[in-house]
Structure formats: C-alpha cells, structure tokens
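The values are calculated or read from the model by the stated rules, or taken from the named source; none is laboratory data. All figures in this text were calculated on a predicted structure; none of them were measured in a lab. Note that each Cβ is placed from the backbone with ideal geometry, even for glycine, and that neighbours are counted across all protein chains shown. Accessible surface is based on the protein model in full, side chains and every heavy atom, while ligands, DNA and RNA are left aside. Shrake-Rupley method; radii C 1.70, N 1.55, O 1.52, S 1.80 Å.
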Amino acid sequence: MPPAAPPLAGATIVFDLDGTLVDTAPDLVGALNVLLAREGLPTLPLAEVRVMIGQGARALITRGFAAAGAPLDEARLSALFGDFIVHYRAHIADESRPFPGIVDALDVLAGAGAGLAVCTNKPTDLSLALLDALGMTGRFAAVVGPDAAPAPKPDPRHLQTAIAAVGGSDDFALMVGDSASDIGAARAAKVRSVVVSFGYTEIPAADLGADHLIDHFDELAPLAARLLATRA
C-alpha cells in the first residue's frame, strides 16, 4: 500500500506580511518619524501609529502627518512618499522581526504538504527585501504585492492571484491575516480565514469576522489541518 499523502497536500496557506508574519511597526514608524522630525513636527509613539499600518505607505504618511497636526495635500504627499521609501528601504529590518512561533509554524505547515504564499499590500520589491533580510523568502512559493495583482486587498483577486501562483485552488486554501482588508478579501473570495490577535487593526480582531482567531502561531498548524480537512 502506498504511503498516505501528507495531511495538507494540495492545500494553500496564504499570509499577510505586516502585522501577521512580521512585526514591522518599529521600522515603519521610525521612517515616518524621520520625516516628521525633518519637517519640525512632533514624532509619534509606536503605540499610536501601530494601528495606522496596513493600508500602504501613502496612507501611513497621510494619517501620521494629520495626527501630528499637519495635513498633507497630494503634491506634498507624493514628495514625502519618495523620501519615506528611500529611508525605509535602507532600514527595512533594523528592528522588524518575525512574530513568535511563525518560523516553526511555517516549517510544520510545509512539512504537512501545504503550499505557502504571501499576499500583502506592501509592494512586492519591498516585501522581498524584508523577507530576504530576515532569511524568510525561501519559505514561500510566491510573494504577491498589489503591483502583481489586478487590485489590492480587500479585492478578492489579490488573494486569488496569490493562491493561483502556488498552483492552489480557492476551495482548498486558508488566508491568515490581521486586518479588515485580509478578512474582507478572504470573505469575498470564499476562502476560509484566520485572524491573529496581535496585528495592526483599529477594529478588534475578534470583530473582523474571520472563521477563527489565534493568539499565537503555535495554534495555526492544528487549526489549519482541521479547517482544511474537507474542501469548502
């Protein structure tokens, strides 16, 4: 009798990046505060800015400057965006680190036969630069930023593009994220979802409408096996 297939053979597990795989807030907030200080504005504490992360650098800069009392027009935002990216790219992993337990969870999921992908609203080149700096790129079969999809999350096509890039199918996939855009994309694509409790969201994670919530990545592999025991 041939050996049994691994329990997650053919399944696809898709992860958001910022606030899910990696705690990137220190370096993103650091880049924002460099701009604020240069403009003679008060810098902002990490705890305040943390929930502003997740909708892209333009949104972060816009919200950060508004919080510092200096709303931006589009021309000024465009100029600051370029400066932000230059600084952030040079300091992309100064303090950013994978969340506890994620590396072991990725190993377990891959060992169980799952294909792994990243679906992020961070541009693909910056996503790869971050994952490269942390030695994590090789763990994923695909890294799909908004520039590599028809539209960014919460548009379901972003998630569907990531699943297809791994050769997976929507009915045998799981989205793991931390924000409304992640869970919204999963819901629209009819893909099962898990939300982490420690990410970047102004809405409480438990209220985002995911199928399940986890507090630590130790919970993910057994949960994925249960959720994907049958196709959707």
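Multiplying the residue separation of GLU74 and ALA225 by 0.36 nm and subtracting their alpha-carbon distance yields 49.7 nm.
So for the chain: antiparallel DSSP bridges make up what percent, rounded to the nearest 5? If you can, show how the numbers build up before the last one.
Details: 2 of 21 bridges.
Beta bridges within the chain, antiparallel portion: roughly 10 percent.
Rounded to the nearest 20, the size of the Cβ-charge dipole of the chain about its Cα centre is 440 debye, with Lys and Arg at +1 and Asp and Glu at -1.
Distant-in-sequence amide contacts of VAL176, defined by a placed amide H-H separation under 5 Å and a gap of 5 or more residues or a different chain, comprise VAL14, PHE15, ASP16, VAL194. Less than 11 Å Cβ to Cβ from ALA186, Lys/Arg counted +1 and Asp/Glu -1: what total charge do the surrounding residues give? Once all neighbours under 11 Å are counted, the net charge is 0.
Would you mind working out the magnitude of the charge dipole of the stretch 39-108 relative to its Cα centre, with +1 at each Lys and Arg C-beta and -1 at each Asp and Glu C-beta, to the nearest 20 Debye? Write out the running numbers ahead of the final one.
Working: 6 positive and 9 negative charges, 28 e Å.
Using Cβ point charges on Lys, Arg, Asp and Glu, the stretch 39-108 gives about 140 debye.
Mind checking the angle between helix 25-38 and the chain's longest principal axis? C-alpha axes, 0 to 90 degrees, to the nearest 10. In the chain, helix 25-38 runs at an angle near 10 degrees to the longest axis.
So if we plug the beta-carbon distance of ALA188 and LEU46 into 1/(1 + (r/R0)^6) with R0 = 30 Å, what FRET efficiency do we get, rounded to 0.05? Mind dumping the intermediate values first?
Working: r = 32 Å, r/R0 = 1.06.
Calculated value: 0.40.
Leaving out ligands and nucleic acids, note down the accessible area per residue over the stretch 154-232 with a 1.4 angstrom probe, in whole Å².
Details: 3310 Å² over 79 residues.
Using a 1.4 Å probe on heavy atoms only, each residue of the stretch 154-232 averages 42 Å².
Relative to the longest principal axis of the Cα atoms of the chain, the long axis of helix 156-165 makes an angle of roughly 60 degrees.
Which net charge results for the neighbourhood of ALA165, defined as the other residues with beta-carbon distances under 14 angstrom from its beta-carbon, given Lys and Arg at +1 and Asp and Glu at -1? Kindly include the intermediate steps, with their values, before the conclusion.
Working: positive: ARG157; negative: ASP147, ASP170.
After counting each charged neighbour, the total is -1.
If a/c stays under 1.5 just call it rounded; otherwise compare a/b with b/c (prolate if a/b is bigger, oblate if not). Do that for the stretch 170-232, with a ≥ b ≥ c from the square roots of the Cα gyration tensor eigenvalues. Walk me through the intermediate numbers first.
Numbers: a/c = 2.58, a/b = 1.27, b/c = 2.04.
Note, shape of the stretch 170-232 comes out oblate.
Across the options ALA165, ALA133, ALA75, the greatest Cα extent toward the positive end of the charge dipole of the chain (unit charges at beta carbon of Lys, Arg, Asp, Glu) belongs to ALA165. Counting protein heavy atoms only, the chain has 57 percent of its accessible area on carbon and sulfur, 1.4 angstrom probe. For the stretch 32-152, the solvent-accessible area of protein heavy atoms averages 44 Å² per residue (probe radius 1.4 Å; ligands and nucleic acids excluded). Helix content alone sets the calculated 222 nm mean residue ellipticity of the chain: runs of n ≥ 4 DSSP H residues at -39500 (n - 2.57) each, divided across all residues, give -12000 deg cm²/dmol. The 1.4 Å probe gives accessible areas that order GLU39, GLU202, largest first, as GLU202, GLU39. Across GLU74, GLU219, the residue with the most accessible area heads the list, and the full order at a 1.4 Å probe is GLU74, GLU219.
Given the alternatives (i) 18.8, 59; (ii) 17.9, 72; (iii) 18.2, 51, Rg and Dmax of the Cα atoms in Å as computed for this entry is given by (ii).
For an R0 of 45 angstrom, estimate the FRET efficiency from the Cβ-Cβ distance between GLU202 and ALA133 and round to the nearest 0.05.
Details: r = 28 Å, r/R0 = 0.62.
Rounded to the nearest 0.05, the efficiency is 0.95.
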